[in-house]
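Here's the structure we're looking at; comments come further down.
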Amino acid sequence: MTVDNLTSDGKARSRGRPREFDMDAALDAALRVFSERGYHATSISDLTEAMDLASGSIYKAFKDKRGVFLAAFARYRQLGRRRLEAMIASVQTGREKVFQMVMYYTELSYGDVGRKGCLVVGGANDFSLLDEEAAANVATAFAADEKLMADLIRLGQADGTIPQTVDPDAAALAFLCFTKGLRVIGKTGRGRQEMLAAAEASMKLVT
């Protein structure tokens with residue numbers, strides 16, 4: 001998407017000269033920096049270098065570093081949700097869908113990809129007490145994952161692949177803690193096999 005008469009939150013501009021740069025590419029670069037370094041350790045100069053933009057262009061498009069983060073966070077969630085839903089849709093039963101959701105986070109939690117970290121988890125650390133809007137966005141992201149997992153568990157109970165004795169809400173919260181914890185552990189350089197073993201072990205929550 002090329003920026004023309006759009007603001008950083010996607011709303012139409014009433015006036016002003018169009019800015020000619022690829023918003024999606026710029027935000028993809030920004031989210032990589034924020035994921036790796038965290039919000040507070042990221043400077044505007046880090047962002048100008050990664051986004052290949054002058055500082056003036058960043059200030060005009062996003063106002064400040066916080067604006068860049070919020071826009072990058074929204075794109076990160078959009079892209080991640082799209083990939084997650086595709087993985088879930090690739091299998092049939094509720095239990096398989098639960099495992100695919102676990103695997104989505106597992107595959108992001110080892111090697112070079114794992115070391116880059118997670119913008120959502122990093123945002124929870126950076127903003128929990130400092131920025132109400134950003135903290136609310138993180139909480140909303142967590143709640144969406146928790147609800148999706150609970151829905152998948154209930155689907156598995158309906159199709160007979162997950163026992164009725166499983167509490168969907170409690171298990172969904174446990175999976176949320178597990179998957180977000182994977183992203184934290186992933187920054188320490190764990191290997192693929194041990195992360196896959198952890199993913200398999202987590203499925204005992206729905207046994």
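Given the criteria of a type outside the set (Gly, Ala, Ser) and open to solvent by less than 70 Å² (accessible area, probe 1.4 Å), does GLN193 qualify?
On the way: of a type outside the set (Gly, Ala, Ser): yes; open to solvent by less than 70 Å² (accessible area, probe 1.4 Å): no.
No; evaluated as a whole, the condition is false for this residue.
Kindly evaluate MET149 against the criterion of being touching a Phe, Trp or Tyr at 6+ places or on another chain (Cβ under 8 Å), free of Cβ contacts under 8 Å to residues at least 60 places away in the same chain and surrounded by 18 or more Cβ atoms within 10 Å (Cβ to Cβ). If you could, list the steps in order and put the result at the bottom.
On the way: touching a Phe, Trp or Tyr at 6+ places or on another chain (Cβ under 8 Å): yes; free of Cβ contacts under 8 Å to residues at least 60 places away in the same chain: yes; surrounded by 18 or more Cβ atoms within 10 Å (Cβ to Cβ): yes.
Yes; evaluated as a whole, the condition is true for this residue.
So which residues in segment 116-130 are assigned to a loop (DSSP other than H, G, I, E, B) and within 20 Å of ALA199 (Cα to Cα)? Can you show your working first?
If we filter segment 116-130 for residues that are assigned to a loop (DSSP other than H, G, I, E, B), which is where we start, we get 117-118, 128-130.
Passing the criteria: GLY117, CYS118.
If you go through segment 23-57 one residue at a time, how many are among the hydroxyl-bearing types (Ser, Thr, Tyr) and either open to solvent by less than 20 Å² (accessible area, probe 1.4 Å) or closer than 25 Å to SER109 by Cα (or both)?
Step one: list which residues in segment 23-57 are among the hydroxyl-bearing types (Ser, Thr, Tyr), which gives 35, 39, 42-43, 45, 48, 55, 57.
Retained after the next criterion (residues that are either open to solvent by less than 20 Å² (accessible area, probe 1.4 Å) or closer than 25 Å to SER109 by Cα (or both)): 35, 39, 42.
Counting residues in segment 23-57 that are among the hydroxyl-bearing types (Ser, Thr, Tyr) and either open to solvent by less than 20 Å² (accessible area, probe 1.4 Å) or closer than 25 Å to SER109 by Cα (or both) gives 3.
Limited to segment 152-162, what total is found for residues that are farther than 19 Å from MET87 by Cβ and open to solvent by less than 50 Å² (accessible area, probe 1.4 Å)?
1
Tally the residues that are at pLDDT 80 or above, open to solvent by 50 Å² or more (accessible area, probe 1.4 Å) and under 21 Å from GLY186 (Cα atoms), restricting the search to segment 116-138.
Residues flagged as at pLDDT 80 or above, open to solvent by 50 Å² or more (accessible area, probe 1.4 Å) and under 21 Å from GLY186 (Cα atoms) within segment 116-138 amount to 1.
Conditions (1) within 28 Å of ALA135 (Cβ to Cβ); (2) modelled with pLDDT under 95; (3) assigned to a helix (DSSP H, G or I); (4) more than 11 Å from the chain's Cα centre (by Cα), marked per residue:
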{"site": "GLN78", "(1), (2), (3), (4)": "yes, yes, yes, no"}
{"site": "ARG83", "(1), (2), (3), (4)": "yes, no, yes, no"}
{"site": "ALA86", "(1), (2), (3), (4)": "no, no, yes, yes"}
{"site": "GLN92", "(1), (2), (3), (4)": "no, no, no, yes"}
{"site": "SER109", "(1), (2), (3), (4)": "yes, no, no, yes"}
{"site": "GLY114", "(1), (2), (3), (4)": "yes, yes, yes, yes"}
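The values are calculated or read from the model by the stated rules, or taken from the named source; none is laboratory data. Treat the numbers as computed from the prediction; the structure is a model and nothing was measured. Cβ atoms come from the backbone with ideal geometry, glycine included; neighbour counts cover every protein chain shown. Ligands, DNA and RNA are stripped out before the accessible areas are found, and what is left, the full protein with its side chains, is counted by its heavy atoms. Shrake-Rupley method; radii C 1.70, N 1.55, O 1.52, S 1.80 Å.
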